[in-house]
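Since the structure comes first, as C-alpha cells, the remarks are kept for the end.
The values are calculated or read from the model by the stated rules, or taken from the named source; none is laboratory data. Remember, it's a predicted structure, so these values are computed and weren't measured experimentally. As a convention, Cβ positions derive from the backbone with ideal geometry for all residues, glycine included, and neighbour counts pool all protein chains shown.
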Amino acid sequence: MGMVMLDLSQHRHIQERRWWFPWMSITKRHLCVTEMTRDFVAFCENFAVAQSNVDPGGVSNDGFPSQAANLVRSETNVKCGEALDSDATSSESGDSDARQRILELGEIRSILDRAEQRFRHPILKFTTPPEQFSDPPSDLDVTDPPTARFVQYRTETLPTLHARVAHLLLIGNRDADRQQERLLKDIEHYTQQAVQAELRAWREKVLKLPIQGLDMFGDGPEIVFTGNAYFSPFMITLLTELRTTDDVFSARKAMQPFISVALFIAVVLHGMASVARPEIAFVLSGLRAMLFGAFVWCNAPARSVTSIQRLLIDCIPRDVRTALRILHLEPDIIRYACCPECSNIYPPDPLNEDDPYPHYCSAILANDDRCGAQLVFEKKQAPKGKGQPERTVFKAIRIFPYRTLKSWLKVFLSRPEVDAALAAGWNLTDSAGVWSDIMNSPAIRHFRGPDNHTLFSVQKHGAVNLVFCLFVDWFNPYGNKKAGKSHSVGAMYMACLNLPIEMRYAPENIYLAGVIPGPREPRLDELNHFLRPLVDELLVLWTRGLYLSRTALRWMGRFVRAAMIPLVCDLPAMRKVAGFAGHASKHFCSFCSLPKDDIHNLNRATWPPRASWAQHEKLATEWRDGTKAQRDQIFNEHGIRWSELLRLPYWDPTRFALLDSMHNLFLGELRHHCMEVWGIDIKDKPSGQKIHPHTPEEQKKFLDKAIAALTKGSATALEKLRKGYIIAISRNNNISPSGAVFTKSAYIDALLKWVQVVGVQAVRVPPVLDYDAKEFHLSTDLSKFQVLSYEILEAIRGDLKATFLPSWLERPPSNFGNPSHGKLKADQWRTVCTVNLVITLVRLWASPEASARDKELLENFLHLVSAVDLASRRSMTEGRAAAYDKHMFEYLCGLRDMFDHEFVPNHHLSLHLYECLVLFGPVHGWWAFPFERYNGLLRRININYKPAEIPLTLMRYFYLGGNLRNLLADLDFPEDTEYTEMVHSFHDTFAIATRARPDVLNPLSPRLGRTTERTRAPEVELDTTTYDAILELVNKSGDELFASARVNVLDRAGRLPLSPTAEDAARVIRDRIVFATRAKGERNSFVIFKDQDRGTRAGQIRRIVLHTRRKNGELVTEPFLLVDAFQPLSEEHARHDPYRQWPDIQTKLYYKTFENDVRVIRLNDIKSHFAALFYTPDALGRECVVVRDLDRVGQASSV
C-alpha cells in the first residue's frame, strides 16, 4: 500500500473547501492519497464532466476544478513508485498508528459533513409563535419531524462527535494531530451555526409580524451576532445586545484527570493558600519530574519516554499563570483609573496599551473648578521584542477594579444548577399570608416591569427576570488597625434573590461588582462615581434587556431582564449610597422627618412624613444641578443629595433603602442594652468576699462616710466604699468622669476635682433606699452601673458554660462581661441575649425571691428579646410583624421611663423596621450577615501591602475562590478511591468549621452538604420495638406497603418483607444542620420533634439507624432516629415554671427524666434543636431541663 504526496494547495477549492473521505486527508500543503488514489482520480474526472455543462469554466461552486483530476493523475504517475517504496519503509517504522488515526478522523469528518449539509438551512417549528418583536425564542416543537431531527443533530450528534474527538490523545504525528485539532474547531463551529440557524428561523417569524409593531424594538434586546452568519443591517439595528456564552462552555478542553489534578493543585495553592508564583513554579516542576519518572519506570529498561508521554508531561505548565489561563479561572476585570482627589473614574483605552488613561483629571467640581489631579505615573518597562527600545508606560496611581454585570451573568448562567434555579425562582408562593422568603413578599410580588403594567414575575418563552439586592460596605484590609495602619477599602456586592436561600449567598453566586480603593472612604457624593458603571448596566438590563446566545440548559439562550430593588447596608453606608443625610445629622431618619431633637417621641401620629418618591427625586435633581450654595441649602433643609441609584426609573428611595436587621437589632439594640444600659463590660471584680446587702441604716452610715472623705479630700477613704455610693453621689450632682472611662477611680477623681471648686457644702446627698441593697443607687435611677451585680454576671457565665448549644449556633465567650474578650460578633450578641441571658435572668429574676425591681428589669429586657426573636424568624406574617412592633414599642417605653435613657437613632429606627418586614418579608432574605462575612473573607486574603494594588488583588482572589469551587464541581473525576480521597481532603482542608454551614463562609466548601454521614459500620439486627416502629412509619408514608419479615410467609398478603437490619450512624445532616446521638455529639442531640400522638415534644437523640429498602424498584436509605423524650411538668409544677409567663420567648421547663418508651421518628419529624440547661428550681425541688426552642421558622412551639 502506497502513499503519494500531491501539492494541491494552490487550487482554490482545496483552500476553501474541506473534502474528507475515509481514505484521504488534506492538510495545508499536501494531499495524502492511499491505494485508492485511482478511484479518487476517476471520481474527479467524472465530477468534472458532470459539472462542465453547468460551469463552462470547468469550476463548480461545490466541487474541485476539472484540472484537479489531471493533476492527480500526472503527479501520481511520476511519484507513485517513489512513494510506494517510501511508504513501505515508513510503514515498517510505525506509521500504522498515524494511518489508523487518519482513517478514524476521516470517518468522523464524513459523518459531520453529511449532517451539516443536511441541516445547513433547516425549516423549524416553534411551540409558541412570537407575538411581539421583543419576545425571546420559544422552545422548538419536537412533535414536528424535521424539527425533531434538527434537535437530535444539535443536542446529540454534534456533542457526541465532539466528545469522541476531544477524548482522542495526540499521537505525535503532525498531519494527524492537525486534522484532529481542525476537526474539533469545525465541530464547535457547526455547533454555533446550529444555534444561529435556530435564531435565524425565529427572526424570520419575527419579521412576519405586523409592521406597526416596529416601535416595540426600542424595548428589545440588541443583537450582536458572532460567527459567519450574515444578518442584514435592518436586523442588527432592530434587535438588541446578544452576548454569546459559547466560550464558557468550550473554555476547558478535555484533559486527562491526572493532568486536571496537577493544574488544580497549583491553582489552589496559589489562589487559596497564598503560595507565591516562584514556589508554585517549583511545585509544577516537581509534578513534571514525578510524571517523567513514572513514565520512565514504566518504560524500563529504556531510559526514555514516548512521544505521547512527552505530550502529557508538556500539558503541565511551568507557570501558574498558564494554568489559570488553561482552566479559564481569571475573571474579566476592567481597571478604571481613579482620581486621588475627587474619585472620578476613567475607563482604559483598549487600543492604547502603554498609555490607556488621561494624565490629569478633567472633572468639574461643585465650585466650577477643574480638579486637575494627576492620574498616572510614568514607568519604564522591558522591550516587547529583541532589538526593540525600552518601553515607557503610564500606570494609574489609583485603580478601581470593576467586573461588568454582563460578563458575570454570562458565566453565572453557564452553570446548570443556577440556570434551573433561576427559571424556577418565581414559582415560590406564599401560603395563607405567610412569607417564607423575600421573593414572595409583597414588595417583590407587586413589583411591575418596564411597561408599568405587567408584573415583573411574569416571564415568557424561557425569559428570566432577575431581582438583585445591593450591599456596599468598607473595611480595613490590614485588619482592625493592625500595626497602627488605618486604611479603608469598599466592596460593592450584589446577590441574585431569584436563587433559593441555600444557594443565594454561596460566594460563587455573589456578584462582586467592584472594590473601591482606599486609603479613605469616598466623601459625600464621591461614591456616585463608583456606582455609575453599575447603574449604566442596570439601566440597559431594565430598559432593553440582555440576550445570552446560550445558557447551560437552553441552547437557544435566554432573554434576561434585571432590577436592583433592595439596598441593604449598615446605616452610614446606606445613607451615603442612597443620598440621605447621615444618621448623626438632624435629619437622622430616612423613613420620616422627625427632627433629632424630638428623638424621644414615641407617638407615631406626630411624626412628620418623609418626602414622597417624586418630591425626593425632584430635590435630589435640584441638588445635582445646583451651585454649591444651592446644594448646601437643599441638604440643610431636607437632608437629601443626589444618588446614582435615582437614575433607575423603578428605584424608590423611600421604600427600597432598607433598615438592616443585623446592624439595627443585633449590633444595635442588643449590644446597646447590654453595654450602654447595663454596662456589662465595665464591671469591677469583687474583693473576693461575699457581698451582703446594706440595710437603710447601713446605707445612711456609708453615705456619711463618703461626705467625710470628700471633706478631707481623701481618695483612699472613698476607695473603701462600695462603687454604688460613689456613682449615686456623682449622678445626684450631675458629675461624670471625663472621657469614656467609668471605673470607680474615675468617678472618685471627678468628684474630688468638683468639690475642690464648689466646696463640700454644695454636695447633694442622695436619699437612702427603703429596702436592702447590695449596690446602692438613686431611688429613681436604674442606670447601667447598678443593673447587674458581679454575682449575676458570675451566674450568667456559669450557665453559659453549662448550657448545651448546637454546633451551628455561635457560642459567646465564656468570660462574657469582661472587656478582655474583645468585640462580639452579631451572631454572638444574638445568642447571648436571646438564649443565655434569657435562661439565666428568668431563672433568677422571675423566682419568688426576686425583687420588684428585678422583675421590672426582666420584663423590659424580655420585650426586647421577644421583638428580636420575632423579627428574625425564617418566615414572616403581618401578625408577626405587628407583634414585633408591639414588643419593641413596649421596650422603648420602658427604657425611657425606667432608665431615663438617652435614645440613639437605632432606637427610633427600630420602630420603622415594621415597614420593612411587611414589605420584604423575613429578614434572612435581605440582611447583611453574608456580606459582612465576605468582607471577612476579603480581609483574610494575603495582600502585598502595596495600597494601589490592594483592590485588584482582593477582587481577583475573591473570584478565583468561587471559580475554583465551580471548577471542582465541574471536573468529572473517575470514581476511583484516589480521586475521591483527593476531593474529600480538599474540602476538609479548606472548609471553615466554625459553623454548621461552612459553604456560607468559604468559596471552596462543598456545594451541597451530605444528608447522612456514614460510619461504614456493619448492619445489625433491629430489636422488635424499633423494627415495628420503622415498619409502621414506612407503611404510613403510602409509597409502598411492606410486610414484617418476622411473620410467616403465608401471612404477608403478597407484600415484600421490610429488611430487619440497619446500619448505625453517628450523625445525620439535614439542610446543613447536624443532628447527632447523645454518645457521639451531645450538643447536637437535644431536639424538639413532632410526636405522632402527643404533639410537639422535647427529647434527646439516643440512636440513629440507616435503614435500606426498595422504593419504586430502587434501593433507598433513610435515617430513623430513636429519641428519649423528657417528661413534661405536672400541672401543679407547670404553674411554678418561671419561663411560661412569657410565651414569645419559646422556653419551658421539663423534668430531667426520660419517659419509658423510646420514640422512633423520621428525620423530617425534627422541628429544631433546643438550648439545654439542667438545674433544680427551688419551687419544684426536682432537677429539670430548660428547653429554649431554637426554631426560627414557624410559630412558637407548644413544647
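Taking Ser431 as the residue in question, decide whether it is buried (at least 21 other Cβ atoms within 10 Å of the Cβ) and at pLDDT below 90. It is false that Ser431 is buried (at least 21 other Cβ atoms within 10 Å of the Cβ) and at pLDDT below 90.
Quick check on region 178-191. Is at least one of its residues over 30 Å from Ser96 (Cβ atoms), out of contact with any Gly (no Cβ under 8 Å at 6 or more places or on another chain) and in contact (Cβ under 8 Å) with a residue 12 or more places away in the chain? Yes: region 178-191 contains one or more residues that are over 30 Å from Ser96 (Cβ atoms), out of contact with any Gly (no Cβ under 8 Å at 6 or more places or on another chain) and in contact (Cβ under 8 Å) with a residue 12 or more places away in the chain.
Of note, Ala424 does not satisfy the criterion of being modelled with pLDDT under 90 and at positive phi. Exactly one residue out of His821, His887, His863 is closer than 27 Å to Leu1173 by Cβ and surrounded by fewer than 16 Cβ atoms within 10 Å (Cβ to Cβ), and it is His821. Quick one: Leu546 ticks every box in (1) buried (at least 19 other Cβ atoms within 10 Å of the Cβ); (2) closer than 24 Å to Met662 by Cβ except a single one, so which number is it? Evaluating Leu546 over (1) buried (at least 19 other Cβ atoms within 10 Å of the Cβ); (2) closer than 24 Å to Met662 by Cβ leaves (2) as the failure. Among the residues of region 1154-1173, none is identified as among the hydroxyl-bearing types (Ser, Thr, Tyr) and modelled with pLDDT of 95 or more. I'd like the full set of residues that are of a type in the set (S, T, N, Q), under 52 Å from the mean Cα position of the chain (by Cα) and closer than 25 Å to Leu769 by Cα, limited to region 709-755. Passing the criteria: Ser730, Asn734, Ser736, Thr743, Ser745.
Scanning region 1168-1186 for residues that are β-branched (Val, Ile, Thr) and either touching a residue at least 40 places away in the same chain (Cβ under 8 Å) or over 20 Å from Phe804 (Cβ atoms) (or both) yields Val1185, Val1186.
Cβ-Cβ contacts under 9 Å between residues 6 or more apart (or on different chains), taken from a first residue in region 289-302 that is on the phi < 0 side of the Ramachandran plot and assigned by TED's automatic domain parsing to the domain that holds Asp314 to a second residue that is assigned to a loop (DSSP other than H, G, I, E, B) and not small (Gly, Ala, Ser), are listed as Leu291/Ile316; Phe292/Val305; Phe295/Val305; Phe295/Thr306; Val296/Arg303; Val296/Val305; Asn299/Val305; Asn299/Thr306. Filter region 596-653 down to residues that are in a helix (DSSP H, G or I) and of a type in the set (Val, Ile, Thr) and give me whichever is nearest to Glu902 (Cα to Cα). Per the stated criteria, the residue is Thr606. State yes or no: is Thr606 polar (S, T, N, Q) and crowded, with 16+ Cβ neighbours inside 10 Å? No, not satisfied. Applying the condition of being assigned to a helix (DSSP H, G or I) and basic (Lys, Arg) to region 847-883 and asking which residue is farthest from Tyr914 (Cα to Cα) yields Arg853.
Going through Thr840, Thr831 one at a time, which residue ends up being under 26 Å from the mean Cα position of the chain (by Cα) and among the hydroxyl-bearing types (Ser, Thr, Tyr)? Selected residue: Thr831, the only one of Thr840, Thr831 that is under 26 Å from the mean Cα position of the chain (by Cα) and among the hydroxyl-bearing types (Ser, Thr, Tyr). Residues that are touching a Ser or Thr at 6+ places or on another chain (Cβ under 8 Å) and either at positive phi or free of Cβ contacts under 8 Å to residues at least 60 places away in the same chain (or both) within region 1079-1099 comprise Ser1085, Gly1095, listed in sequence order. Only a single item in (1) crowded, with 22+ Cβ neighbours inside 10 Å; (2) closer than 28 Å to Ser260 by Cβ is not met by Ile950, and it is number (2). With respect to the conditions (1) under 29 Å from Gly1038 (Cα atoms); (2) in contact with a helix residue (DSSP H, G or I) (Cβ under 9 Å, 6 or more places away or on another chain), Ala1134 lacks only one, and its number is (1). Would you check if there is a residue in region 146-156 being among the aliphatic types (A, V, I, L, M) and at pLDDT 85 or above? Within region 146-156, one or more residues are among the aliphatic types (A, V, I, L, M) and at pLDDT 85 or above. In this structure, Arg403 does not satisfy being in contact with a Cys (Cβ under 6 Å, 6 or more places away or on another chain) and of a type in the set (D, E, K, R). Counting only strands (runs of 3 or more DSSP E) wholly contained in region 1114-1171, the ones carrying 1 or more residues that are more than 29 Å from Asp799 (Cα to Cα) and touching a strand residue (DSSP E or B) at 6+ places or on another chain (Cβ under 6 Å) occupy 1114-1128, 1159-1162.
One residue is enough: does region 550-559 have a residue meeting the conditions touching a helix residue (DSSP H, G or I) at 6+ places or on another chain (Cβ under 6 Å) and closer than 25 Å to Ile438 by Cα? The answer is no; no qualifying residue exists. The single condition among (1) under 31 Å from the mean Cα position of the chain (by Cα); (2) at pLDDT below 95; (3) within 22 Å of Ser910 (Cα to Cα) that Leu858 does not satisfy is (1). None of Glu1118, Glu1131 is over 28 Å from Val1186 (Cα atoms) and among the acidic types (Asp, Glu) except Glu1118.
In this structure, Lys784 qualifies as of a type in the set (Lys, Arg), at pLDDT below 75 and under 30 Å from Asn860 (Cα atoms).
The residue list Ala1076, Ala1065, Ala1053, Ala1043 contains one member that is aliphatic (A, V, I, L, M), surrounded by fewer than 16 Cβ atoms within 10 Å (Cβ to Cβ) and either more than 27 Å from Pro806 (Cβ to Cβ) or modelled with pLDDT of 85 or more (or both), which is Ala1053. If you go through region 466-477 and keep only what is of a type outside the set (Phe, Trp, Tyr) and under 19 Å from the mean Cα position of the chain (by Cα), you end up with Leu466, Val467, Cys469, Leu470, Val472, Asp473. Summed over region 1107-1123, the residues that are hydrophobic (A, V, I, L, M, F, W, C) and more than 15 Å from Asn1164 (Cβ to Cβ) give a count of 2. A count restricted to region 140-174 and to residues that are in a loop (DSSP other than H, G, I, E, B) and either surrounded by 14 or more Cβ atoms within 10 Å (Cβ to Cβ) or without any contact (Cβ under 8 Å) to a residue 12 or more places away in the chain (or both) stands at 9. Within the option set Ala928, Ala871, Ala850, being of a type in the set (A, V, I, L, M, F, W, C), in contact (Cβ under 8 Å) with a residue 40 or more places away in the chain and either surrounded by fewer than 17 Cβ atoms within 10 Å (Cβ to Cβ) or within 23 Å of Lys1148 (Cα to Cα) (or both) holds for one residue only, Ala871. Exactly one residue out of Leu809, Leu778 is part of a loop (DSSP other than H, G, I, E, B), among the hydrophobic types (A, V, I, L, M, F, W, C) and modelled with pLDDT of 85 or more, and it is Leu809.
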